[in-house]
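Below is one structure, written out as structure tokens, with a few remarks after it.
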Amino acid sequence: MEFEKINPNEINKNPFDLISKDWALVAAQKDGKVNALTASWGGVGVLWNKNVVFIFIRNSRYTKEFLDSANTFSLTFFNHEKYAETYKYFGSVSGRNEDKIAKQGLTVASAENTPYFAEGKLAVICKKLSAMPFDPNNFTDSNLLPAFYGDNDMHVMYIGEIVSVLHNGANE
């Protein structure tokens with residue numbers, strides 16, 4: 001079964017589970033090369049009269065360079081049980097040092113000139129709208145900085161307009 005394009009409203013999974021429990025690989029392309037990392041923080045909603053996703057990437061991550069240079073990015077969701085080790089790998093190994101995608105045996109596909117992974121069950125293709133660095137001065141809960149940013153490796157929040165959603169039921 002091939003991926004089929006669906007309306008974002010047809011995603012039949014709880015967005016809290018989809019992002020925090022199922023996780024995703026965030027992929028972007030730079031200079032003809034694709035890189036990705038695991039994301040488990042983010043959400044979906046409506047902003048600026050558009051269906052959007054928002055994800056958080058730390059400044060130190062190599063994939064951030066790809067997101068910063070690209071106009072688009074994707075979130076590919078996999079069967080979590082089958083790909084749990086892949087998610088862990090992409091979350092802990094840098095693409096600076098090796099080709100993570102090839103090493104994990106994933107196939108890069110493309111939609112809207114944006115890379116995603118053929119082994120996924122759901123791919124959300126996004127047009128980057130905004131990249132907002134976290135500012136320590138804006139935190140109102142004083143417990144968050146030492147708990148999550150003791151090393152000062154802050155996140156950048158990327159907001160992307162959902163331009164296409166692809167579903168592959170065969171990969172559920």
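The values are calculated or read from the model by the stated rules, or taken from the named source; none is laboratory data. All of these numbers come straight from a predicted model, not from anything done at the bench. As a convention, Cβ positions derive from the backbone with ideal geometry for all residues, glycine included, and neighbour counts pool all protein chains shown. Calculation scope for accessible area: heavy atoms of the full protein, side chains included, ligands and nucleic acids excluded. Shrake-Rupley method; radii C 1.70, N 1.55, O 1.52, S 1.80 Å.
Data for the structure
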read-out	value
The stretch 1-115: C-alpha gyration tensor shape, a/c 1.5 cut-off, then a/b vs b/c	rounded
Cα gyration tensor shape of the stretch 50-150, rounded if a/c is under 1.5, else prolate or oblate by comparing a/b with b/c	prolate
Alpha carbon centroid spacing (whole Å) that separates the stretch 143-166 from the stretch 66-134	16 Å
Distance between modelled label sites at K30 and A118, nm, 7 Å Cα→Cβ extension	2.6 nm
Solvent-accessible ranking of S60, S164, largest area first, probe 1.4 Å	S60, S164
Summed residue charge, Cβ within 13 Å of E65's Cβ, Lys/Arg positive, Asp/Glu negative	+4
Nearest-10 value in Å² for the accessible area of S110, using the 1.4 Å probe	80 Å²
Within the accessible area of the chain (1.4 Å probe), percent carbon and sulfur	47 percent
Value of [θ]222 nm, deg cm²/dmol, for the chain, DSSP H segments ≥ 4, -39500 (n - 2.57) each, nearest 500	-4500 deg cm²/dmol
Surface accessible to a 1.4 Å probe, K30 within the full protein complex, Å²	60 Å²
Max mean-square fluctuation residue, GNM over the chain, Cα-Cα springs under 10 Å, options A123, A27, A70	A70
Probe 1.4 Å, protein heavy atoms only - accessible area per residue of the chain in square angstrom	53 Å²
Residue among N12, N138, N51 with the largest mean-square fluctuation in a Gaussian network model of the chain, springs linking Cα atoms under 10 Å	N138
Residue among Y83, Y158, Y149 with the largest mean-square fluctuation in a Gaussian network model of the chain, springs linking Cα atoms under 10 Å	Y149
Charge dipole magnitude, Cβ of K and R +1, D and E -1 - the chain, Cα centre, debye nearest 20	180 debye
